[in-house]
Amino acid sequence: MSETETKIDAILDAIRQDIAERETVAEQAMHTLEKMNTSPEDYKVANLQFEANTYVASYLKRILEVVKERDIKKAENIIRFHHYQQHKIGALNDNRYISLGQATIAVTLGKYVERFFD
């Protein structure tokens, strides 16, 4: 296996692991949402967890599809592009709910850039 193939496999594994973790948290949040006697505060927190983690998992799935094409330059470009965009024009600290997901994406993609491309 070439160095490029090994790197692509490592990127795919990292993205899949992050997607699985986010989906697990979203699923746990949904269990809280489905409880009959959930407190209003727990319900609110569960909704936020579900929203942010579903958003992040879906976002990462889009990037995963590009990386699956196994073109290392295209993979690097999509990861760097979205990382840059989230920092440049994303609302990472506007105290709105979507900013939590955007900030998570920015941090996660930043880790990929550091780990795989710098």
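Filter region 20-30 down to the residues that are surrounded by 19 or more Cβ atoms within 10 Å (Cβ to Cβ) and not charged (D, E, K, R) and list them by number. Let's see the steps before the verdict.
Let us first name the residues in region 20-30 that are surrounded by 19 or more Cβ atoms within 10 Å (Cβ to Cβ), namely 22, 26, 29.
Within region 20-30, A26, A29 qualify.
Got a number for residues in region 1-13 being open to solvent by 50 Å² or more (accessible area, probe 1.4 Å) and outside any loop (DSSP other than H, G, I, E, B)? Let's see the steps before the verdict.
Going residue by residue through region 1-13, those that are open to solvent by 50 Å² or more (accessible area, probe 1.4 Å) are 1-7, 13.
The next check asks that each one be outside any loop (DSSP other than H, G, I, E, B); those that pass are 3-7, 13.
Here the count works out to 6.
Between residues in region 33-62 that are open to solvent by 90 Å² or more (accessible area, probe 1.4 Å) and residues that are among the polar types (S, T, N, Q), which pairs lie under 8 Å by C-beta distance while being six or more apart or on different chains?
These pairs meet every condition: Y43/T32.
Against the condition touching a residue at least 24 places away in the same chain (Cβ under 8 Å) and of a type in the set (D, E), how does E76 come out, does it pass?
Yes: the conditions hold for E76.
Please go through region 68-97 and pick out each residue that is among the hydrophobic types (A, V, I, L, M, F, W, C), surrounded by 14 or more Cβ atoms within 10 Å (Cβ to Cβ) and under 27 Å from A29 (Cβ atoms).
If the condition is that a residue be among the hydrophobic types (A, V, I, L, M, F, W, C), surrounded by 14 or more Cβ atoms within 10 Å (Cβ to Cβ) and under 27 Å from A29 (Cβ atoms), then I79, L92 are the ones that fit.
R16: in a loop (DSSP other than H, G, I, E, B), open to solvent by 50 Å² or more (accessible area, probe 1.4 Å) and out of contact with any strand residue (DSSP E or B) (no Cβ under 7 Å at 6 or more places or on another chain), yes or no? Write out each step before concluding.
Working: in a loop (DSSP other than H, G, I, E, B): no; open to solvent by 50 Å² or more (accessible area, probe 1.4 Å): yes; out of contact with any strand residue (DSSP E or B) (no Cβ under 7 Å at 6 or more places or on another chain): yes.
Here the answer is no, as R16 does not meet what is asked.
Could you grab the pairs with beta carbons closer than 9 Å, sequence gap of 6+ or different chains, first residue in region 1-30 and under 10 Å from A57 (Cβ atoms), second one acidic (D, E) and open to solvent by 50 Å² or more (accessible area, probe 1.4 Å)?
Short answer, once both residue conditions are applied: A26/E51.
The values are calculated or read from the model by the stated rules, or taken from the named source; none is laboratory data. Quick caveat, the model's predicted, so the values are computed rather than measured. A quick note on method: Cβ atoms are made from the backbone with ideal geometry, for glycine too, and the neighbour counts reach across all protein chains shown. Ligands, DNA and RNA are excluded from the accessible area calculation, which covers all protein heavy atoms including side chains. Shrake-Rupley method; radii C 1.70, N 1.55, O 1.52, S 1.80 Å.
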